[in-house]
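Reviewing the structure listed below.
Read the figures in this text as sums done on the coordinates, not as results from a lab. This one's a predicted model, so the numbers in the text were calculated from it and none came from an experiment. Glycine gets a Cβ as well: all are built from the backbone with ideal geometry, and neighbour counts include every protein chain shown.
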Amino acid sequence: MTEIENRNPDPLTKNVVLMTAVDDIINATRANSVWPLTFGLACCAIEMMATGAAKYDLDRFGSGPFRGTPRQSDLMVVAGTVTHKMAPRVKRLYDQMPEPKYVIAMGGCVIRGGPYVKHGYHVVKGVDLVIPVDVYIPGCPPRPEALLEGIFKVQKLMKREKILDRTRRTTKPEVYQPV
Amino acid sequence: MARLETGQIIAVLKEKLPDAVTEEVLDGVDPILVVKAEAWSAVAELCRDDSRLGFDLLSCITGVDYPEREGGAEIEVIYNLDSIANGHELTVKVKLPRSDPRVASVESIWATADWHERETYDLVGVIFEGHHNLVRILCADDWVGHPLRKDYEPPDSFHGIKNVIY
């Protein structure tokens, strides 16, 4: 048996070995670098921006970099009223995100149509009719603290991921794509 | 040029186009002028080009559905005109039959009418004749109906997305 040279010069940790599961280490890195998609539809997006700005400072939780493309994002915060005209675009953006991906429905409009639930002919009555949703945050709009709490919930979900779990999060095929 | 009172504005219009104005409502918050639909294009051109009027800004176009008017269902198109040069304003209404609401486009007179007319077409269904691109602007391209008509019924679903949940 060959002896592996230990190059650690620190006498306190020189012979310490940390044992962990692959799932745990992958999930820890994943959950502490949540990259949301830069994507706001209405007034809730203002609160989302406030969450990212200095006072609430989303970067504290590794979730600061709002990406400009769905291909680099693993969290979609649907912030604002989803209209029927916007719904296929939301679906397309979701489909372009790599697995594993998570969705937060932020605010009353996104959860069930909000004030438009009865007479809003143009509003989708809940974005979960179009894409699967992991965390719902009620409010009109929710406070930045509420969005932070929602992101913590997503981080908890991320820590339950299994590397061998090949479940795909799929959208409903009957929802059409824009040309 | 100087600011004109509404009475003077009407006098200028009647001097040039004596048959165009059918109705005047001067005691409301906004003085209103009702103009014949077939004369609207000439009135609009006069409003912009006559230096005494000088309406250089079309602030807004609105469509209103009146299905239960005495004397037949109507759709009103309301134009809010402003003169930045002279400092006065005017509200012009055109009344159209609800069965076939058609009026001349003023897109070539005020360029801002382009999107306003598309919106009025989208939501109320007024056809603006002569508009270069009269397609929907707010609703999806293949939306059915004009949502701000009083008898509009929203669809039960749209492209596989359920629209009525209660």
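Couple of notes before you dig in:
- Inter-chain neighbour count for A:129-141: the average number of beta-carbon atoms from partner chains within 10 Å of each residue's beta-carbon is 1.
- Among the listed pairs A:162/B:162; B:14/B:93; A:85/B:150; A:101/A:159; A:55/A:101; A:55/A:153, those whose Cα-Cα separation exceeds 24 Å are A:162/B:162; A:55/A:101.
- Cα-centred dipole magnitude for chain B, charges only on beta-carbon of K, R (+1) and D, E (-1), debye, nearest 20: 40 debye
- Region B:6-150, Rg to Rh (Cα coordinates; Rh as Kirkwood inverse mean 1/r): 0.96
- For B:141-152, mean number of other protein chain Cβ atoms within 10 Å: 1
- Based on Cα contacts under 8 Å between residues 6+ apart, region A:22-158 shows a relative contact order of 26 percent.
- Per-residue shielding of B:153-162, expressed as the average number of other chain Cβ atoms within 10 Å of the residue Cβ, stands at 6.
- Cα-based shape type of chain A, given that a ≥ b ≥ c are square roots of the gyration tensor eigenvalues and the cut on a/c is 1.5: prolate
- Shape category assigned to the protein assembly as shown from the gyration tensor of Cα positions, a/c cut at 1.5: prolate
- Acute angle (nearest 10 degrees) that the helix A:22-31 long axis makes with the longest principal axis of chain A, alpha-carbon atoms: 50 degrees
- Working ranking of peptides A:96-102, A:162-168 by packing, defined as the average number of other Cβ atoms within 10 Å per residue, highest first, is A:96-102, A:162-168.
- Neighbour-count ranking [beta-carbon atoms within 10 angstrom, fewest first] of B:99, A:73: B:99, A:73
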